[in-house]
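Contents: one structure, followed by commentary.
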Amino acid sequence: MMSLRKSKFLLTMMLFGYAFLYLPILTLIGYSFNQGPRVTLWTGFSTKWYASLFANERILEAVWLSLRIAFCAATIAVIVGVIAAFVLARFRRFRGRSFFNGIVTAPLVMPDVMSGLALLLMLVFLEQLIGWPQTRGGVTIALGHITVSIAYVLVIVRSRLLEMDYALEEAALDLGARPLGVFFRITLPLIFPSIGAGWLLAFTLSLDDVVLASFLSGPGATTLPMLVFSSIRFGISPEINALATIIVCLVATGVLISGYILYRQLRQASKA
């Protein structure tokens with residue numbers, strides 16, 4: 001009897017949690033098909049806001065800029081983060097290891113406002129010292145996102161490297177393989193899922209950032225989160241709902257595809 005009550009309580013809490021998370025998203029998707037201009041008053045079904053979205057050059061430019069910054073930031077953060085994670089995981093003892101470990105993981109606990117201000121002051125100092133960057137824009141925003149994203153990639157990849165069995169690498173070295181070949185043929189495929197997870201996390205953090213972009217952006221460099229945040233002052237346009245619906249659908253599709261691929265891999269491994 002007690003276990004039955006406990007299971008009902010857990011089920012109720014689970015349903016409440018899912019409703020708290022996903023009902024606002026479903027509401028947003030529903031109002032993206034609203035005919036009227038007000039996002040909180042339903043007046044009829046219509047898809048005109050999707051057509052209006054693809055005709056809005058300002059939003060499309062912000063989306064394209066955000067995607068370019070997120071892709072570049074995530075890719076460079078993965079390259080640097082994997083190298084740093086490999087050094088920290090493989091070379092356990094070297095001078096300055098604790099200091100290096102603390103420096104690369106500091107952005108994880110540093111408030112975004114402080115990070116943005118520090119990066120802005122650094123860019124101003126570089127401009128006065130060497131004349132670069134002359135203006136702030138997409139490049140400076142990407143540098144800020146890279147600085148923060150490296151820490152997340154490093155933590156994810158390093159944890160996977162520490163859990164790996166070194167016997168595979170040692171066996172390859174004993175058989176005559178070179179260290180670089182061992183890394184690309186054995187180590188890299190084994191840590192590839194963590195690299196993919198780090199890249200996706202860095203891409204999402206960059207695409208969703210407002211604070212750093214506000215400090216590091218300049219005239220003509222408005223990312224999508226900045227555009228959405230600034231539009232709240234004048235009222236949210238239904239075009240934003242349409243854009244958010246498209247993004248949610250793309251993310252959900254990616255999650256379903258990755259889940260299906262993982263399911264197939266686990267099923268094949270269980271059969272083997």
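In this structure, is Ser66 under 30 Å from Leu154 (Cβ atoms), of a type in the set (Ser, Thr, Tyr) and out of contact with any Lys or Arg (no Cβ under 8 Å at 6 or more places or on another chain)? Against the criterion (under 30 Å from Leu154 (Cβ atoms), of a type in the set (Ser, Thr, Tyr) and out of contact with any Lys or Arg (no Cβ under 8 Å at 6 or more places or on another chain)), Ser66 qualifies.
Could you list, in sequence order, all residues of the stretch 35-51 that are among the hydroxyl-bearing types (Ser, Thr, Tyr) and over 28 Å from the mean Cα position of the chain (by Cα)? Thr40, Thr43, Ser46, Thr47 - these are the residues of the stretch 35-51 that are among the hydroxyl-bearing types (Ser, Thr, Tyr) and over 28 Å from the mean Cα position of the chain (by Cα). Residue-level analysis places Val153 outside the set of residues that are closer than 21 Å to Leu201 by Cβ and modelled with pLDDT under 90.
When Ala202 is tested against the conditions (1) closer than 18 Å to Ala70 by Cα; (2) over 19 Å from the mean Cα position of the chain (by Cα), the lone failure is (2).
Taken over the stretch 203-212, the criterion of being surrounded by fewer than 17 Cβ atoms within 10 Å (Cβ to Cβ) and among the hydroxyl-bearing types (Ser, Thr, Tyr) is satisfied by Thr204 alone. Checked across the stretch 145-166, the condition of being surrounded by 14 or more Cβ atoms within 10 Å (Cβ to Cβ) and among the acidic types (Asp, Glu) holds for no residue.
So that you can scan it fast, the table gives a plain yes or no per residue for (1) under 20 Å from Ala73 (Cβ atoms); (2) not hydroxyl-bearing (Ser, Thr, Tyr):
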residue: Val148; (1), (2): yes, yes
residue: Gly181; (1), (2): no, yes
residue: Arg185; (1), (2): no, yes
residue: Leu207; (1), (2): yes, yes
residue: Gly218; (1), (2): yes, yes
residue: Ala221; (1), (2): yes, yes
residue: Phe234; (1), (2): no, yes
residue: Ser237; (1), (2): no, no
residue: Ile247; (1), (2): yes, yes
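The residue of the stretch 106-144 that is modelled with the highest pLDDT, among those that are crowded, with 18+ Cβ neighbours inside 10 Å and among the hydroxyl-bearing types (Ser, Thr, Tyr), is Thr140. Each residue in the stretch 36-73 was checked for being touching a Gly at 6+ places or on another chain (Cβ under 8 Å), at pLDDT 90 or above and more than 30 Å from Ile146 (Cα to Cα), and 0 pass. Asn101 falls short on exactly one of the conditions (1) at pLDDT 85 or above; (2) closer than 21 Å to Ile79 by Cβ, and that condition is (1). For the stretch 213-267, filtered to residues that are among the aromatic types (Phe, Trp, Tyr) and loosely packed, with under 11 Cβ neighbours inside 10 Å, the residue that is modelled with the highest pLDDT is Tyr260.
When you check Val228 against the structure, is it closer than 23 Å to Pro111 by Cα and free of Cβ contacts under 8 Å to residues at least 24 places away in the same chain, yes or no? Here the answer is yes, as Val228 does meet what is asked. Based on this model, can you work out whether Ile232 counts as farther than 26 Å from Ser52 by Cβ and among the aliphatic types (A, V, I, L, M)? The answer is no for Ile232.
The values are calculated or read from the model by the stated rules, or taken from the named source; none is laboratory data. A quick note: this is a predicted structure, and the numbers were derived from the prediction, not measured. Every residue, glycine among them, receives a Cβ derived from its backbone with ideal geometry; neighbour counts consider all protein chains shown.
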